[in-house]
Amino acid sequence: MIVARLALQSLRNRWATVLLTILAISVSVMLLLGVEKVRSGARDSFAGTVSGADLVIGARSGAMQLLLYSVFRIGNASNNVTWRSYEDIVSRPEVAWAIPLSLGDSHRGFRVIGTTPDYFEHLRYRGGQALKFAAGAPFDDLFDVVLGSDVASRLGYAIGDKIIIAHGAGSLGPRHDDLPFRVSGILARTGTPVDKSLHVSLKAIEAIHVDWRSGSRIPGQVTPADRLRQMSLPPRAITAAIIGLKSRLQVIGFQRVVNEYRAEPLSAVLPGVALQEMWGLVGTAETALLGVSAMVVVTSMLGLSAMILSTLNERRREIAILRSLGARPGTVAGLLVGEATLLTVAGIVIGSASLYAVLVVARPLIDRRFGIDIGVQPPSTTDALLLLAIFIGGMAAGFLPAYRAYRMSLANGMMVRT
């Protein structure tokens, strides 16, 4: 207790330097814990892009390629899945629901997704959250389109606006100018690729390509929209499908059925497993960032040690007086280690409290802007281990000054230097 009171009094006498040191430690704590929070939040948001789906099926390809073009709308499929095969697969008794996806067209750089109303009913993200409409409703007419939140906000669309879809994924592809779509609904923000997509019916995808062959319009052939509405227009093929099964125990067996499907070569992947594999490839940056943050903490600990060490010369007489009053060398050394520990604890408390205050304010902004949901939960086991490492590092930072003070003799402290 006496050593702690002496340490507090000594720190109070050097309050300006102490405040700057605490500030440096608290900023490093905020940075290290903040990177860990963002890292875990980004991983959870990434893994929550598709929630509740058991399998994603598509043409025979790699798991990551299938996941990239079907879930993240990146790249293109090597081949399509015929509608007959899709109906055959989803008609099996193990299937609870299925969402067909047809990709290939675009609008001003955003992907157009052909699907069914099951998309809005069964698609889940981030722990089972359902899609919600910020305005309007799902497509009803043949030429209705539902926009993701980013599409609507960036392009300034509202309910009832007309848009033109372009053929192909490129922004310079030929346009379906004769068949404009009406915005029937705008989805609420999800922080997933849904926000950057336009959604139309599978029948609409077929309708806009009635007068097209091999990627080009048939010269002189124009089918009016009213006539297209009267046509049956069954889908000929889809790009991929998201499937939910009645029991998770059936996943492996059903995956084998799809992979061994004889009518055409297909692949079925478990989205959760594929997402984790993909994160393993793109998650190297998080490790590097965490390493940089750790170096910032080490730098602050070195600064703490240097601050205490630099004051030893000014405190020679103080230490000598303590020695003359009966303080042992170990007591003086303990005083300096105690000061370093108190500064570290203060930095940890202030840094942690500041981080949570920032998270409470910035969490909705980060979610809206970057699609990363950073949970404001009590410190996790990883957080506790990081804070313990900082605490031990702060104590260790006081060992060198303590050793110097331990070796400092009483006569050295009383000596007048000129």
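The values are calculated or read from the model by the stated rules, or taken from the named source; none is laboratory data. The shown structure was predicted, so the numbers you read here are calculated from the model rather than taken from an experiment. Cβ: placed from backbone, ideal geometry, glycine included. Neighbour counts: every protein chain shown.
Reported count of residues in the range 275-307, each being surrounded by fewer than 14 Cβ atoms within 10 Å (Cβ to Cβ) and hydroxyl-bearing (S, T, Y), is 3. The set of residues from the range 219-265 being in contact with a Gly (Cβ under 7 Å, 6 or more places away or on another chain) and more than 15 Å from I205 (Cα to Cα) comprises just one member, G244. Taking the range 236-247 as the search range and keeping residues that are within 19 Å of T115 (Cα to Cα) and part of a loop (DSSP other than H, G, I, E, B), which one is modelled with the lowest pLDDT? Top of the filtered list is R236.
Does G75 satisfy being in contact with a Gly (Cβ under 7 Å, 6 or more places away or on another chain), at pLDDT below 85 and not aliphatic (A, V, I, L, M)?
On the way: in contact with a Gly (Cβ under 7 Å, 6 or more places away or on another chain): no; at pLDDT below 85: yes; not aliphatic (A, V, I, L, M): yes.
When the stated conditions are applied, G75 does not pass them.
For the subset of the range 101-129 comprising residues that are part of a loop (DSSP other than H, G, I, E, B) and not polar (S, T, N, Q), which member is surrounded by the fewest Cβ atoms within 10 Å (Cβ to Cβ)?
The initial filter retains those residues of the range 101-129 that are part of a loop (DSSP other than H, G, I, E, B), namely 108-109, 116-117, 123, 126-128.
Applying the additional criterion that residues be not polar (S, T, N, Q) yields 108-109, 117, 123, 126-128.
Numbers: R108: 13, G109: 13, P117: 12, L123: 22, R126: 17, G127: 11, G128: 9.
By that ranking, first place goes to G128.
Quick one: is Q250 in the same structural domain as I99 (by TED's automatic domain parsing), assigned to a helix (DSSP H, G or I), within 29 Å of the chain's Cα centre (by Cα) and surrounded by 15 or more Cβ atoms within 10 Å (Cβ to Cβ)? In short, no. Number of residues in the range 66-96 that are buried (at least 17 other Cβ atoms within 10 Å of the Cβ), closer than 17 Å to L270 by Cα and over 20 Å from the mean Cα position of the chain (by Cα) equals 5. Which members of the range 254-290 meet the condition of being part of a helix (DSSP H, G or I), at pLDDT 85 or above and polar (S, T, N, Q)? If the condition is that a residue be part of a helix (DSSP H, G or I), at pLDDT 85 or above and polar (S, T, N, Q), then Q255, N259 are the ones that fit. Please work out if F143 is closer than 30 Å to D161 by Cα and over 26 Å from the mean Cα position of the chain (by Cα). It is true that F143 is closer than 30 Å to D161 by Cα and over 26 Å from the mean Cα position of the chain (by Cα). In the set (1) in contact (Cβ under 8 Å) with a residue 24 or more places away in the chain; (2) in contact with a Ser or Thr (Cβ under 9 Å, 6 or more places away or on another chain), the condition left unmet by Q65 is number (1).
Considering the range 371-388, the residues that are part of a helix (DSSP H, G or I) and either in contact (Cβ under 8 Å) with a residue 60 or more places away in the chain or of a type in the set (S, T, Y) (or both) include one that is farthest from L302 (Cα to Cα), namely T381. Does D178 count as at pLDDT below 95 and surrounded by fewer than 18 Cβ atoms within 10 Å (Cβ to Cβ)? Criteria met by D178. When L249 is tested against (1) of a type in the set (A, V, I, L, M); (2) in contact with a Lys or Arg (Cβ under 7 Å, 6 or more places away or on another chain); (3) without any contact (Cβ under 8 Å) to a residue 24 or more places away in the chain, exactly one condition is not met: (2).
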